[in-house]
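What follows is one structure encoded as structure tokens, with my remarks underneath.
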Amino acid sequence: MVKNNYIELLKNVLTDFHRIEFVEYKPIHFPAPTFKQKLMMDFDKYLAKRNYRICNTIAFNKETRMVGKDWPSHAETMIGIKRLDNIQFCVEQILKDNIPGDLIETGVWRGGAVIFMKALLENAGVNNRKVWVADSFEGLPKPNADKYKADAGDLHYTEQALAISLEQVKGNFEKYGLLDDNVKFLKGWFSETLPKAPIESLALLRLDGDMYESTMDGLVNLYPKLTSGGYIIIDDWGAVEGCRLAVNDYRQQHGITEEIITIDWGGVYWRKK
């Protein structure tokens, strides 16, 4: 993977990693604390009431941010540094091997991962590939448990922090100077937008839809457009059972045998033959 100061800085800024030590930038959600960490948090609250505060070991855990195990309040992405490294690896290999096709992410939150894709293309002087940004921009759908049993009881639709508007995502692209005619937005539920998306071919397919239904919609409608030698990344493999089941079902149904490679606790990828 090519070392580049601009790209390394961009990873830190997109994840808000460069400000992780400051108390005002605590994550939206923390991973479940250990007993020892819970005691330290309680002690921290005790000290705060007396106008004295120590650094909270849950909020400012750099390894947690590296692997995307928290939801940073002010970042453009929650996937962490290691999964951004993976995107960089895939894009650089695609360009090195001249694999044709566009790039897409389905489920973009604040747009950090697709902003990073676009930055990698710009930095390499590539202007003949589109970056597709697919999202409802309204959060996740309510589970259709009658059709997708694996989504029964899924509560992602209740998370208002996941409902980021199209205007905000476009604004984030503009903030980094990366919004142009090669950035294309697909607004709506995947079941409605992906079947008719005007995408001819893909070199990189990144699925971040959390649920079984959303993951399967991405696979059914986009994997056939993934060029041989292209990469598919599954963000929620280790985090959401429904996502993992959808991937396994699709691979079995279509005889896909490429090795699944682990990125970190949550993400995996493989290269299409």
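The values are calculated or read from the model by the stated rules, or taken from the named source; none is laboratory data. No experiment lies behind these values; they were computed from the predicted model shown. No Cβ is skipped: glycine too gets one built from the backbone with ideal geometry, and neighbour counts run over all protein chains shown.
Conditions (1) among the basic types (Lys, Arg); (2) buried (at least 22 other Cβ atoms within 10 Å of the Cβ); (3) over 24 Å from residue 94 (Cα atoms), marked per residue:
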{"position": "189", "(1), (2), (3)": "no, no, yes"}
{"position": "200", "(1), (2), (3)": "no, no, no"}
{"position": "208", "(1), (2), (3)": "no, yes, no"}
{"position": "215", "(1), (2), (3)": "no, yes, no"}
{"position": "225", "(1), (2), (3)": "yes, no, no"}
{"position": "240", "(1), (2), (3)": "no, yes, yes"}
{"position": "243", "(1), (2), (3)": "no, yes, yes"}
{"position": "253", "(1), (2), (3)": "no, no, yes"}
{"position": "263", "(1), (2), (3)": "no, yes, no"}
TODO: Any residue in the range 168-197 that's more than 19 Å from residue 208 (Cα to Cα): show its pairings with residues that are among the β-branched types (Val, Ile, Thr) and not in a loop (DSSP other than H, G, I, E, B) at Cβ separation under 7 Å, as long as the two are six or more apart or on different chains.
DONE: 176/115; 178/115; 182/131
Open item on the list: Among the residues of the range 145-156, are any within 17 Å of the chain's Cα centre (by Cα) and in the same structural domain as residue 212 (by TED's automatic domain parsing)?
Closed with: yes
Open item on the list: I need the full set of residues from the range 191-233 which are among the hydrophobic types (A, V, I, L, M, F, W, C), closer than 20 Å to residue 146 by Cβ and over 17 Å from the mean Cα position of the chain (by Cα), in order please.
Closed with: 220
Open item on the list: Suppose we keep only residues that are charged (D, E, K, R) and in a loop (DSSP other than H, G, I, E, B) within the range 78-131. Which one would you say is surrounded by the fewest Cβ atoms within 10 Å (Cβ to Cβ)?
Closed with: 97
